[in-house]
Amino acid sequence: MDFELTPEQKEIRAMARDFAEREVAPGSRAFDERQEFPHEVLRKLGATGLLGALVPEAYGGAALDYVSYALAVEELNRVDGSVGITMWAHNSLCTNHIALFGSAEQKARYLPELARGETLGAWGLTEPGSGSDAAAMKSRAVRDGDHFVLDGTKAFITNAGVGRIAVVMAVTDPARGSKGISAFILEKGMPGFSAGTPYRKLGLHASDTAELVLDHVRVPATQLCGALHQGFVNCMQVLEGGRIAMAAMAVGLAQGALDQALAYMKQRSAFGRTLAEFNGLQGMVADMGTEIEAARLLTLRAAALKDAGRPARLAASMAKVFASEVAMRAATKSLQIHGGAGYITEFPIERIFRDAKLTEIGEGTSEVQRMVIAREILG
Ligand SMILES: Cc1cc2nc3c(=O)[nH]c(=O)nc-3n(C[C@H](O)[C@H](O)[C@H](O)COP(=O)(O)OP(=O)(O)OC[C@H]3O[C@@H](n4cnc5c(N)ncnc54)[C@H](O)[C@@H]3O)c2cc1C
């Protein structure tokens, strides 16, 4: 058992940390307050190669291992959850779905521009009537000669408005249940394909979340991504990697909460002492630090299993449920340590507290992760 990162992994982490602190942190509060998508930050992130993290080099990607990718996701989220979730949905969901299951033509056509970050990607599984029970989706793709015609609505889709390309799941054979669902690559500009009005959210204000509307979208059958009726099965593989990245997102948010608590405790005084000198608060940061390290280890272990080509479903769900709940606990404790200052928007902990909640909901809720874990360990 080796807990040391390789020199290359340390380099990726340092690069992501430097980018987050230099290019992301200065604008985070303003973008959050204005509920504005940080296009320029994403453009610069593309230039680092991190928007092609999981894309093979042959298609212009960085072809990072999952451990490196998780470290980069953690560093971005440590500073800004909105930039973090944008990068996560683009890499782990849309781009990775095409990289894993797209045809050679689809990979050559879409991956290079996605990898460079010239185009952002979205991924539509959830619908207004089906989230945890995703296979109950109603969107339909009906064959019409050498085309498919898609109708339906996808809900809560990250990058729905800012993304030009989306992988969208639709039912191709209602009689086959989850084995009758297929994935399609859609492009903005295809008649009938559009994004709805962005939702107003509790947190992640600078990320773009909206519906994707499919109104009689007629696409050539060559837009099918992966085999016919295999879309849902393929989604499960996409989600396995996505859960590891969302666990890393939670670790980053939790670490950000701890960073903020430590800085505040050293500068704020009460009863003639700094907050850092109070035993009660020391116990809180000790618990936060310990839990964050445990969440990080679970996350990197799941990433290492994936890199080794070993089954990672159980490890991914364990990492995701644990890390996301650590993120909420750490954000709550850090806000408490800030006292009244934690409740106003001047300090980053207020934003982290709102952003962290998503990690317990997206990519499968905590209840769904526990269902997966129970199923795996019960056998
Ligand atoms: C900001 C944001 C970004 C998102 N981005 C994307 C995206 O890019 N692409 C995408 O496809 N989706 C995305 N989602 C959707 C997300 O994955 C779903 O919200 C999530 O899977 C939960 O589904 P739901 O909201 O329909 O909740 P529901 O499934 O309706 O769940 C409601 C409650 O019931 C519980 N529950 C459901 N079934 C069970 C059960 N069997 N046992 C116990 N409890 C159960 C849930 O845990 C939850 O507490 C995003 C959501 C948000 C908020």
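Using the Karplus equation 6.51 cos²θ - 1.76 cosθ + 1.60 (θ = phi - 60°), what ³J(HN,Hα) coupling, rounded to whole Hz, does each residue of segment 210-224 give in order, writing x for Gly and Pro?
So the J values, rounded to whole Hz, are 7, 7, 10, 9, 10, 10, 6, 7, 9, 10, x, 4, 5, 7, 4.
Give me Rg/Rg_expected for segment 232-378, where Rg uses Cα atoms only and Rg_expected = 2.2 N^0.38 Å with N residues. Mind dumping the intermediate values first?
On the way: Rg = 17.1 Å, N = 147, 2.2 N^0.38 = 14.7 Å.
For segment 232-378, the normalised Cα radius of gyration is 1.16.
With θ set to phi - 60°, apply the Karplus curve 6.51 cos²θ - 1.76 cosθ + 1.60 along segment 334-350 and write out the HN-Hα couplings as whole Hz, x wherever there is a Gly or Pro.
Ordered by residue, 3J(HN,Hα) equals 5, 4, 4, 5, 6, x, x, 4, x, 8, 10, 7, 5, 9, x, 5, 4 Hz.
Among the lysines in segment 232-378, how many pairs, 8 or more places apart or on different chains, have alpha carbons under 25 Å apart?
On the way: LYS266/LYS333; LYS306/LYS320; LYS320/LYS333; LYS320/LYS357; LYS333/LYS357.
Taking the Cα cut-off of 25 Å, the pair count is 5.
Beyond a 32 Å Cα-Cα separation, which of these cross-linked pairs lie in this structure: LYS10/LYS201; LYS44/LYS138; LYS10/LYS154; LYS44/LYS201; LYS10/LYS179?
Working: LYS10/LYS201 34 Å; LYS44/LYS138 38 Å; LYS10/LYS154 38 Å; LYS44/LYS201 25 Å; LYS10/LYS179 41 Å.
Too far apart for the 32 Å limit: LYS10/LYS201; LYS44/LYS138; LYS10/LYS154; LYS10/LYS179.
Can you list residues from other chains, or at least 5 along the same chain, whose modelled amide H is less than 5 Å from the amide H of ALA195?
When sequence neighbours closer than 5 places are left aside, the close amide H contacts are VAL213.
Give the carbon-plus-sulfur fraction of the accessible surface of segment 39-183 in %, rounded to a whole number; probe 1.4 Å, heavy atoms of protein chains only. Let's see the in-between values first.
Values: 2470 of 4870 Å².
The C+S portion of the solvent-accessible surface of segment 39-183 is 51 percent.
Whose amide H sits under 5 Å from the amide H of HIS147, counting only residues 5 or more places off or on another chain, with H placed in the peptide plane?
ALA221
Label GLN336 and GLN267 with points 7 Å out from Cα along Cα→Cβ: what is the distance between them in nm?
Once both label points are built, they end up 2.3 nm from each other.
Net charge near PRO38: determine it from the other residues with C-beta under 13 Å of the C-beta of PRO38, scoring Lys and Arg +1 and Asp and Glu -1.
Values: positive: ARG29, ARG34, ARG43, LYS44; negative: GLU23, ASP32, GLU33, GLU36, GLU40, ASP80, ASP208.
Summing Lys/Arg as +1 and Asp/Glu as -1 gives -3.
How much accessible area does THR290 have with a 1.4 Å probe, in Å² rounded to the nearest 10?
Answer for THR290: close to 100 Å² accessible.
If you stretched the chain out fully between TYR199 and ASN279, how much longer would it get, using 0.36 nm times the residue separation minus the C-alpha to C-alpha distance?
Details: separation 80, 0.36 × 80 = 28.80 nm, distance 4.23 nm.
Length gained between TYR199 and ASN279: 24.6 nm.
With a sphere of radius 10 Å drawn around the Cβ of ALA166, what net charge do the other residues whose Cβ falls strictly inside it have (Lys, Arg +1; Asp, Glu -1)? The partial results should precede the final answer.
Details: positive: LYS154, ARG164, LYS188; negative: GLU187.
Neighbourhood net charge equals +2.
Give me the number: length gained by fully extending LEU5 to MET190, i.e. 0.36 nm times residue separation minus the C-alpha to C-alpha distance, one decimal in nm.
Values: separation 185, 0.36 × 185 = 66.60 nm, distance 4.46 nm.
Result for the pair: 62.1 nm of gain on full extension.
I'd like the distance separating the alpha-carbon centroids of segment 116-164 and segment 321-346, in whole Å.
Their Cα centres are 34 Å away from one another.
Scan the chain and report its longest stretch carrying no GluC sites (Glu not before Pro) that are both in a DSSP loop and have at most 11 other Cβ atoms within 10 Å.
Values: sites that count: GLU4, GLU346.
Counting at most 11 other Cβ atoms within 10 Å as exposed, the longest clean stretch of the chain is 5-345.
Taking a ≥ b ≥ c as the square roots of the eigenvalues of the Cα gyration tensor of segment 7-120, is the shape rounded (a/c under 1.5), prolate (a/b larger than b/c) or oblate?
Working: a/c = 2.24, a/b = 1.45, b/c = 1.54.
Oblate, since a/c reaches 1.5 and b/c is not below a/b.
Given a 10 angstrom Cα cut-off, can you work out which residue in ALA99, ALA30, ALA70 is the most mobile in a GNM of the chain?
Highest fluctuation among the options: ALA30.
Once each part is reduced to its C-alpha centroid, what is the distance from segment 205-243 to segment 252-299 in angstrom?
Cα centres, segment 205-243 to segment 252-299: 40 Å.
At R0 = 25 Å, how high is the FRET efficiency between ILE377 and ALA286 if r is their beta carbon distance? Nearest 0.05 is fine. All intermediate terms of the calculation are to be shown ahead of the outcome.
Numbers: r = 30 Å, r/R0 = 1.19.
Efficiency computed from Cβ-Cβ geometry: 0.25.
Describe numerically, in nm with one decimal, the distance between label points set 7 Å from Cα along Cα→Cβ at GLU57 and at GLU346.
Taking the two extended label points, one gets 5.1 nm.
Starting from the amide H of GLY161, placed 1.01 Å from N in the peptide plane, find each other amide H under 5 Å away whose residue is 5 or more places distant or on another chain.
ALA210
Using a 1.4 angstrom probe with every protein chain in place, what is the largest-first accessible-area order of MET318, MET371?
Of MET318, MET371, the descending order of accessible area is MET371, MET318.
When the accessible area of segment 224-368 is computed with all protein chains present and a 1.4 Å probe, what percentage of it is carbon and sulfur? Walk me through the numbers before you get to the answer.
Numbers: 3460 of 5910 Å².
That fraction is 59 percent.
The values are calculated or read from the model by the stated rules, or taken from the named source; none is laboratory data. Keep in mind that what you see is a predicted model, and the values were worked out from it rather than measured. Every residue, glycine among them, receives a Cβ derived from its backbone with ideal geometry; neighbour counts consider all protein chains shown. Areas reflect the complete protein model, heavy atoms only, side chains present, ligands, DNA and RNA absent. Shrake-Rupley method; radii C 1.70, N 1.55, O 1.52, S 1.80 Å.
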